[in-house]
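Encoded as C-alpha cells, the structure appears first; notes follow it.
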Ligand SMILES: [Zn+2]
C-alpha cells in the first residue's frame, strides 16, 4: 500500500524536531543534576553567557555590565573554562555529560550539514547521510516493500533452488530483470515486464528484487498484490480525496509492481480501475512489473479482454521455469 511521499516528508521533519527537543531535554536534566551537586558550575555557565553578551555590547559600542576590554573578557572566559574543566575532573564527571548526545553528531540530528566556509562564500547546506538513509527507508515504506519483501534482492537470489536443467534459463531471466531495474533506476526504462510462470517459481522474489534495486537508487516504487489493489480502490470509494491522491501516486511512481495477478475474479469496478492504471502508464511509457501464474487465455477469462491484451502485448514477457522453489527450500530445511 502506498503512503503519501509528502506526508512522509513532513512526518520526517516532525520526528526530527521532536527527537532534537527530547535530546536537549535529556541534556538539561543531566546538567541540572550536576549543577545541584556543584553549584559553582552553574555560576560559571551564567558568567560565561554574560561575558558573551558583554562582547556583543562592545562590538555595538553599548555600555557593558563588567566594564572590561575584549582582551580582559577573553582572558576571564578562558580562566572560567579551566576552572570548569578542573571541577569536572575533580568530581569525576565526563564533560560529554553536559553536552547533547546527538544520534548523528555530524548534523546534530537536523539532517543537514554545512561545510566550513570556503573563503568568503559559505557553502550551501547539504543532506547528511543519515537523512538520505531515512528518505530511502521511507521510500521502502511508501512502496509497501517492508519486512521479508525487502530481503528479496538480486544479491540473495539463489540459482541453486532451480533444477540444474533450468538454471541457465533462470540466470538469463535474473540478468534481464537486473538490467531492467538498472534502466528504471537511471530513468531510461520505457517498457514494462510481465513475469509469467507457475506458482512458486520466484516471480515475487524477482519483482521485489527489481523494486528494491530501484528504491535503493532513490526512486519511488509502488508495490501491491491484487487483493491490496482491491482494498485500495474500495477504500478510495469511501474517501474521494484519498482515492485521487493514491491513484495519482501510482500513476506518477517511477515504477509500479502488480504482483501475483491470480485466478480470483475481480469486479467490473476493480477491472476498470486496473485497466485505467495500466493503460495510462503504458501510454506515458512509465515502467511496470506485473506477475501472474495465469496462462494468456486464463488472463482474458479473469481480467477481461482489454486488460489481458495490454498485459500480453504492452509488456515484455519473461517466462520462469523450474519446480516450486518453496518445496525445494522446505526439503532443504528438513534435511539440514
Ligand atoms: Zn546526520
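The values are calculated or read from the model by the stated rules, or taken from the named source; none is laboratory data. The structure presented is a predicted model; accordingly, all values stated were derived computationally and were not measured. Note that each Cβ is placed from the backbone with ideal geometry, even for glycine, and that neighbours are counted across all protein chains shown.
When the range 95-130 is examined, which residues are found to be under 20 Å from residue 219 (Cα atoms) and free of Cβ contacts under 8 Å to residues at least 60 places away in the same chain? Passing the criteria: 126, 127, 128, 129, 130.
Here residue 126 does not fit the description of being modelled with pLDDT under 85, loosely packed, with under 15 Cβ neighbours inside 10 Å and within 16 Å of the ligand (Cβ to nearest atom).
Let's see how each residue does on (1) crowded, with 17+ Cβ neighbours inside 10 Å; (2) assigned to a helix (DSSP H, G or I):
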residue	(1), (2)
285	no, no
297	no, yes
302	yes, yes
307	yes, yes
311	yes, yes
318	yes, no
322	yes, no
329	no, yes
332	no, yes
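Residue 305 falls short on exactly one of the conditions (1) touching a helix residue (DSSP H, G or I) at 6+ places or on another chain (Cβ under 8 Å); (2) more than 30 Å from residue 167 (Cα to Cα), and that condition is (1).
Among residues of the range 95-120 being assigned to a helix (DSSP H, G or I) and surrounded by fewer than 13 Cβ atoms within 10 Å (Cβ to Cβ), the one that is nearest to the ligand (Cβ to nearest atom) is 96.
Please work out if residue 66 is modelled with pLDDT under 95 and farther than 30 Å from residue 257 by Cα. So residue 66 passes the test.
Filtering 101, 61, 91 for residues that are modelled with pLDDT under 95 and not assigned by TED's automatic domain parsing to the domain that holds residue 222 leaves a single hit, 61.
Of all residues in the range 32-44, those that are without any contact (Cβ under 8 Å) to a residue 60 or more places away in the chain and surrounded by 15 or more Cβ atoms within 10 Å (Cβ to Cβ) total 4. Take the conditions (1) modelled with pLDDT under 95; (2) not in a helix (DSSP H, G or I); residue 291 misses just one of them, which is (1).
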